[in-house]
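In what follows, a single structure is set out as structure tokens and then discussed.
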Amino acid sequence: MSDGAEKSKRSNYHGRLEYTFARNMRDYEGYSIGKLLSLINDPKIISMAGGMPSPEMFLQEQLRQATRRRFDSHIHRIMQYSSIRGEGELIEAVIAFLQRDDIHVRPENVMITSSGQQGLDLVGRLLLDPGDALVVERPTFAGALAAFQMQRPDYLGIELAADGLDVVQLRQVLSDCQASGSPPKFIYVVPDFQNPTGICMSLAKREALLALSRLYHIPIIEDSPYRTLRYCGSQLPSLFSLDQQQGGGSVVGVYTFSKLFCPGMRVGFTIGPPEVISKMTNIKEGSTLNTPPYNQEMCADFLTTVDLDAYFQRCHVYYQEKLRVLLEALETHFPPERGVTWTRPDGGLFLWLSVPETVNTQSLFHAALGFKVAFVPGDAFYGEHPEYRHMRLNFSCPSSDQLKEGVRRLSDCLVRTESVVDRLQRSRWSINQYT
Ligand SMILES: Cc1ncc(COP(=O)(O)O)c(C=O)c1O
């Protein structure tokens, strides 16, 4: 298009200016799950789609009291701009909190973020140039894909087994990348009760992953929103703490208060080598500046005044029961001959359900809305080569009765869909007989 034509196109569009979006953004259509969730607007729908903690676990009275106390003592500090890297009190509280998990950091290793999602955005912006490769699990957290997508990277997907990512495949991929001279910039993993599968990486795989990271000099981004939500079995060391035992420096940890305390605060933190934290702070300076002081104060208050062991124990009992109800309902409605399988997590908020190959869970999602039940179709969770026979189910937010009824509706919907698919296949077969 000539310059003149381009100009007139810009100014004559319905009499308004036409915006020329950045190349990166022209075909970007937003966060796929966000769009699906906006379709679930009928209150009669039982939604197992979201990723929200239960409001029944919110410490409402504690938040009210903390607000009153802190407004009375230093409202001026709450209403002012504050440090970009985070309030000193919260950083100290985070350091003490991490010590409970055998992670030992200093203030220069910590940055407060406006949610875990911002931590992921900063990681992507710090480490990725367009066209760079990064390693992700198959499937992986869709929100991380949305954050990294801003840099237009290439994804190297590594299959996920019941005990975490396939380290043999990872070794092969890293070796191939080294041979071709284009190593991935980092390896992104959610080792504890992963979103979307609920899978927890075994200790052997954690050690193998760290060894590969060191061998190939590729940093690991460990995203840990669900680490405190273990309902049975014993806690495994984080990648960050294992790495520290070997000298440290290979792992950046991304954390959030969303599932620890409440998502409404939008506060999280990132830990890593001082040079990484300091560069991330520079990026944050150009976007949000500081995380709101009120929200930081509430999180600091949560870490320092709540009996965390007792609170987490209460959450464990509550969520474990929800998980038990969901698993029991699945066993009731999906006996083995139906060909439906699912993960059995020891923690977190989700499980991953796989349906027979003839069923596409994207289409099933729309059919399920007619049955007044919702889930997240699995294809949203792949960086490349999406699979269409899985779905993510959340058990933290629906009530136990809703979980039971939701699974019954899902089962009915699947029966109906399979019979339609079956009829279609048979009619195709009979047409083929005569052509
Ligand atoms: C694996 C994972 N990472 C990060 C986040 C982001 O959490 P936040 O609500 O703090 O943005 C989530 C939220 O669901 C998550 O599941």
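The values are calculated or read from the model by the stated rules, or taken from the named source; none is laboratory data. Note that the structure is a prediction, hence the values are computed from the model and not measured. Quick reminder, even Gly has a Cβ in these numbers, built from the backbone with ideal geometry, and neighbours come from all protein chains shown.
Details
- Scan of region 21-76 for residues that are modelled with pLDDT of 95 or more, of a type in the set (S, T, N, Q) and touching a Pro at 6+ places or on another chain (Cβ under 8 Å), ordered by number: 47
- Options 139, 55; residue that is surrounded by fewer than 15 Cβ atoms within 10 Å (Cβ to Cβ) and within 16 Å of the ligand (Cβ to nearest atom): 55
- Check on residue 288, hydroxyl-bearing (Ser, Thr, Tyr), modelled with pLDDT under 95 and within 16 Å of the ligand (Cβ to nearest atom): yes
- Restricting 83, 73 to residues that are among the hydroxyl-bearing types (Ser, Thr, Tyr), surrounded by fewer than 22 Cβ atoms within 10 Å (Cβ to Cβ), under 20 Å from residue 306 (Cα atoms) and in the same structural domain as residue 244 (by TED's automatic domain parsing) narrows the list to 73.
- Total residues in region 216-245 satisfying the condition of being free of Cβ contacts under 8 Å to residues at least 40 places away in the same chain, of a type outside the set (S, T, N, Q) and out of contact with any helix residue (DSSP H, G or I) (no Cβ under 7 Å at 6 or more places or on another chain): the figure is 1.
- Residues of region 134-185 satisfying the condition of being under 25 Å from residue 345 (Cα atoms) and hydroxyl-bearing (Ser, Thr, Tyr): 140
- Residues of region 115-130 that turn out to be of a type in the set (A, V, I, L, M, F, W, C) and more than 13 Å from the ligand (Cβ to nearest atom), as a count: 3
- One residue alone among 93, 49 is surrounded by 13 or more Cβ atoms within 10 Å (Cβ to Cβ) and more than 23 Å from the chain's Cα centre (by Cα), and that residue is 93.
- Residue 178 being in the same structural domain as residue 236 (by TED's automatic domain parsing) and modelled with pLDDT under 95: no
- Residues of region 292-319 satisfying the condition of being surrounded by 15 or more Cβ atoms within 10 Å (Cβ to Cβ) and not in a helix (DSSP H, G or I): 292, 306
- Of residues in region 14-42 being touching a strand residue (DSSP E or B) at 6+ places or on another chain (Cβ under 7 Å) and in a helix (DSSP H, G or I), the one farthest from residue 142 (Cα to Cα): 36
- Check on residue 332, in the same structural domain as residue 193 (by TED's automatic domain parsing), surrounded by fewer than 18 Cβ atoms within 10 Å (Cβ to Cβ) and either in a loop (DSSP other than H, G, I, E, B) or away from the ligand (no atom under 16 Å from the Cβ) (or both): no
- Any chance residue 275 is away from the ligand (no atom under 11 Å from the Cβ) and without any contact (Cβ under 8 Å) to a residue 24 or more places away in the chain: yes
- From the list 243, 223, the lone residue that is in contact with a Ser or Thr (Cβ under 6 Å, 6 or more places away or on another chain), acidic (Asp, Glu) and at pLDDT 95 or above is 243.
- Evaluation of residue 341 against the conditions (1) at pLDDT 95 or above; (2) under 16 Å from residue 421 (Cβ atoms); (3) not aliphatic (A, V, I, L, M) shows that the sole unmet condition is (2).
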